[in-house]
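Where a number appears in this text, it was derived from the coordinates with a stated rule and is not lab data. None of the values given here were measured: they were computed from a predicted structure. A quick note on method: Cβ atoms are made from the backbone with ideal geometry, for glycine too, and the neighbour counts reach across all protein chains shown.
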Ligand code: 8YV
């Protein structure tokens, strides 16, 4: 008998076909998040869950007693209770690698868009406010030859460094562990302490995972250390930034602007954010390209199948379950 698998949102057909070759697949037909109680109920008989944009907590796991694998379609897994899965010997997997460049592309899009006021300028044209050309119209800030600061220097942080290099930017980074010298040389990136990163960056881009240590990593104190001409870019996780403090800094113009793809309480935004001109706001679309979403879905399906077939999956989050 084929193992039962639950997929929490519609996915590209190729990924569903791959699963269907080996499993009995049920797909939640709507592209919206299931509540924990609904998800637990839906997975009651499932051995595998392909999780896309759902919270997997004790409530879910308490009902889904047959689960052997939670294959997350995404690299970040802060919405999955890893310890609770490990206790139950449930393997958790994620999809690193396949979304690195796409997410770094979007971080750079945000950086460029907020620096050159692209969204404001587009709105200006669409709303028929462009009556005549003015020398002083919509001045932005240069990107080339400025200092790009990266907080977090994993795959996506490094991909961002490569993009910065292409714009002749000076690259600084801070992370828990310093990268090896060879990598620093290849990327032209210099390791600095937190204060230097905050003080010297013209663009500070966040690339840390969401953990207890990175919660509100950027708060009032950190924002005060930034230049008044600096921009904050966040494509990591909303809770890495204290949104209240960010709004206060943006309103007081103690920093110049922000490009945000992620928010503290998605999809709800701080009410002041949408009123500000010096921000570009996106609905968590860092990895949202056709190519990358297909690659993520395929990798999540491969991870899931590996576990159900008794193989070690390519991307395990909680390797302890194999001990
Ligand atoms: C996904 C992400 O869109 O990979 C991540 O961590 O934030 C995004 O790429 C999200 O996980 C939904 O699956």
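Structure notes:
- The Rg/Rh ratio of the chain, with Rg taken over Cα atoms and Rh as the Kirkwood radius over Cα pairs, comes to 1.02.
- Length released on extending from residue 134 to residue 176, taking residue separation times 0.36 nm less the Cα-Cα span: 10.4 nm
- Residue order for 31, 105, fewest other beta carbons within 10 angstrom first, comes to 31, 105.
- Segment residue 191-residue 55, extension gain: residue separation times 0.36 nm, minus the distance between their alpha carbons: 45.5 nm
- Relative to the longest principal axis of the Cα atoms of the chain, helix 155-166 runs at roughly 30 degrees.
- Seen against the Cα atoms of the chain and their longest principal axis, helix 290-308 is set at about 30 degrees.
- Ranked 233, 82, criterion: other C-beta atoms within 10 Å, fewest first: 82, 233
- On Cα atoms only, tilt of 100-115 relative to the major axis of the chain in degrees: 30
- By other beta-carbon atoms within 10 Å, ranking 77, 173 with the fewest at the front produces 77, 173.
- Each Cα pair under 8 Å and six or more residues apart adds its separation to the average, and for the chain the resulting relative contact order is 19 percent.
- Residue among 198, 308, 276 with the largest mean-square fluctuation in a Gaussian network model of the chain, springs linking Cα atoms under 10 Å: 276
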